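Heads up, the thing below is written out as structure tokens.
The values are calculated or read from the model by the stated rules, or taken from the named source; none is laboratory data. The structure presented is a predicted model; accordingly, all values stated were derived computationally and were not measured. Cβ placement follows ideal geometry from the backbone for every residue including glycine, while neighbour counts extend to all protein chains displayed.
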There are 2 protein chains.
Amino acid sequence: MQTKPILIVGSMAFDDLEFPVPVASPDVRSAAESDPRATTSFKDVVGGSATYSALAASAFAPVRVVAVVGRDFPEATLETLRSRRIDTAGIERADGLTFRWKGRYHADLVNRDTLDTQLNVFANFRPRLASGYGDSPLVLLGNIHPELQLEVLEQTTKPELVVADTMNFWITGEPKTLAKLIARIDLLIINDEEARLLSGIHNLARAAKEILSRGPKGLIIKRGEHGSLFFDKDGVFAAPALLLEHVVDPTGAGDSFAGGLLGYLAEQGKYDHHTMRRAMMHGTAAASYCVEAVGTLGLSELSRENIRQRVERIRHLTHVGEE
Amino acid sequence: MQTKPILIVGSMAFDDLEFPVPVASPDVRSAAESDPRATTSFKDVVGGSATYSALAASAFAPVRVVAVVGRDFPEATLETLRSRRIDTAGIERADGLTFRWKGRYHADLVNRDTLDTQLNVFANFRPRLASGYGDSPLVLLGNIHPELQLEVLEQTTKPELVVADTMNFWITGEPKTLAKLIARIDLLIINDEEARLLSGIHNLARAAKEILSRGPKGLIIKRGEHGSLFFDKDGVFAAPALLLEHVVDPTGAGDSFAGGLLGYLAEQGKYDHHTMRRAMMHGTAAASYCVEAVGTLGLSELSRENIRQRVERIRHLTHVGEE
């Protein structure tokens, strides 16, 4: 069975991250190893939805990225991506500065405040698919303006699976464009608060029904440290999150989840309900590696075998034998 | 195999409940059937930890209750308990008013504010085990003053399994007595915020390790709509909550969970790790019936077969087949 290539569009960014507790410095993998006097701020951390998703997906499948970076973005990072069979021909280097996000996490390492967003080269970005990208069988439309997500979709030729992520900002600000997008995709990935906002329904079971009635074949609702839910016409699946002893930086967890999920589906080449259940666990495994280190460090050497080991742990976490 | 009797000590109460959204009146089972003009307040709802736990446990096993009620507590309710093989000989009727709790739920039906607490006859309650209760093989020490929980424990003769619940109020106010209790029990059941408060550790995996080092063989951490976690020397288990379309009143969910859990263990007569995993699912099933109606109505006719059906749904929710 040939693993299929995945087209990923999204942001590539520098993140400035602040943590109110001592965390590991970027060159150690676990908070347990950190010096309590260590700084709690990290500047110029390479991030962005496309970066996280591509790194996670590349543990499974060849990846093609559509994104834009500025002249300040390190060539070494692009080299790292290429060393993981990530095609960077679709990454445009524009004359300006790379998109930048600055955020401060609360002590729970779940809630966070956005302190600053600088769109920079992202402000005028129009995604153009590099040669040979249009026939990609799997497409991940990362969280960017739904108009741009639609533009990418229109440049593809009958993909087998189209997955999109979005956020509060577009749900509130671009409801019509988003509705058009949602009607055309196979799978929508959002978090619980976004599902409530999008549907206007607090109860997640009913919110999911309402969202599925708008067109997508499947819906994934992410609940952070509480795991994730998958809904389609064949039922509901609840994937637990791993109980990690050392969560360092949750930035990119959702994007890594999506990357791992699509990677597994690309490898399997099928998208039925039961394959989706297993794909959720592979996405969860990818996200678990992401949050154990600052930025993309937890993903930079992620292997298929690493994923397999964590999937076994996740499987064991909810396994119930017969009486 | 003979199902073993369960001794339950806890509160019996009148609850005054306020909901900020229209909910079902007590004589309908689902919010879907409710009149949106219906009142959102319910007064004199029979509640209390012992009541909820005993009703849930009685779907599995004979139950013996130790509690106190006032002269205003309806004899008909005691009659209902007796009709479900719940022994009420240990329920003392004191000269005064029954314990009363008044609470207001937020729109999320998760968070709530306590508006009033009247201890009434509970203020001078000293639990005394009725004749024949002392040799109960399973003991559930519901959430009351840890001094009273210890008094009950001292009146028992070598129970096979002692389970205790507690809350923020005792963790903060009675740390020494609570520590003494925790060192003597087999299983502690608390929620995630209580686990963090008790251990002083935010991360739940590490908080659980710390709490287990204080003596109990097992620890259950409840996470409401996100399910629950079980920790012991043999590993970790994550039970999902059912995705219910109509949650009406979460009061008593945790007590119903404990009752269903002990009921299953009493039926099985063993307490190993894998039996505990299944017990968690049976507790989850009991709690799911509880929250679908106001007060104890969802439990008043709960059968073993009802539980079995929901356990199948819970099992399906996390089931993952082989590739």
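Would segment B:225-247 turn up any residue that is more than 12 Å from every other protein chain (Cβ to nearest Cβ) and of a type in the set (A, V, I, L, M)? The answer is no; no qualifying residue exists. Within segment A:41-63, if we keep just the residues that are aromatic (F, W, Y) and buried (at least 24 other Cβ atoms within 10 Å of the Cβ), the residue that is nearest to the chain's Cα centre (by Cα) turns out to be A:Y52.
When residues in segment A:270-314 are screened for being of a type in the set (D, E, K, R), closer than 22 Å to A:G235 by Cβ and surrounded by 14 or more Cβ atoms within 10 Å (Cβ to Cβ), 2 of them pass.
Here A:A253 fulfils each of the conditions (1) surrounded by fewer than 21 Cβ atoms within 10 Å (Cβ to Cβ); (2) more than 26 Å from A:E154 (Cα to Cα); (3) more than 14 Å from chain B (Cβ to nearest Cβ); (4) aliphatic (A, V, I, L, M) apart from (1). Which of the residues spanning segment A:36-80 are part of a loop (DSSP other than H, G, I, E, B), modelled with pLDDT of 95 or more and of a type in the set (G, A, S)? Scanning segment A:36-80 gives A:G48, A:S58, A:A59, A:A61, A:G70. Note on segment B:218-243: residues that are crowded, with 18+ Cβ neighbours inside 10 Å and farther than 19 Å from A:G227 by Cβ total 3. Screening B:F60 on (1) touching a helix residue (DSSP H, G or I) at 6+ places or on another chain (Cβ under 7 Å); (2) away from chain A (no Cβ under 14 Å) shows it passes everything except condition (2).
For segment B:185-223, the set of residues classified as more than 10 Å from chain A (Cβ to nearest Cβ), within 18 Å of the chain's Cα centre (by Cα) and either over 18 Å from B:V110 (Cα atoms) or part of a helix (DSSP H, G or I) (or both) consists of B:I185, B:D186, B:L187, B:L188, B:I189, B:E193, B:E194, B:A195, B:G218, B:L219, B:I220, listed by residue number.
In summary, B:A258 fulfils each of the numbered conditions (1) facing another protein chain (nearest Cβ under 9 Å); (2) buried (at least 24 other Cβ atoms within 10 Å of the Cβ) with the single exception of condition (1).
When the test is whether a residue is farther than 17 Å from A:F237 by Cβ and hydrophobic (A, V, I, L, M, F, W, C), A:L317 does not pass it.
Among the conditions (1) surrounded by fewer than 24 Cβ atoms within 10 Å (Cβ to Cβ); (2) at pLDDT 95 or above; (3) more than 24 Å from B:G283 (Cα to Cα), B:F99 misses just one, which is (1). The listed residues are B:L178, B:L153, and the only one of them that is more than 14 Å from every other protein chain (Cβ to nearest Cβ), modelled with pLDDT of 95 or more and surrounded by fewer than 23 Cβ atoms within 10 Å (Cβ to Cβ) turns out to be B:L153.
Of all the listed residues (A:P127, A:P137, A:P159), the sole one being in contact with a Leu (Cβ under 6 Å, 6 or more places away or on another chain), within 30 Å of A:K270 (Cβ to Cβ) and not aromatic (F, W, Y) is A:P127.
Quick check on A:E305: is it within 11 Å of another protein chain (Cβ to nearest Cβ), acidic (D, E) and either within 28 Å of B:H273 (Cβ to Cβ) or in contact with a helix residue (DSSP H, G or I) (Cβ under 9 Å, 6 or more places away or on another chain) (or both)? No; evaluated as a whole, the condition is false for this residue. Out of everything in segment A:267-313 that is in contact with a strand residue (DSSP E or B) (Cβ under 7 Å, 6 or more places away or on another chain), part of a helix (DSSP H, G or I) and hydrophobic (A, V, I, L, M, F, W, C), what residue ends up being farthest from A:D255 (Cα to Cα)? The residue in question is A:M276.
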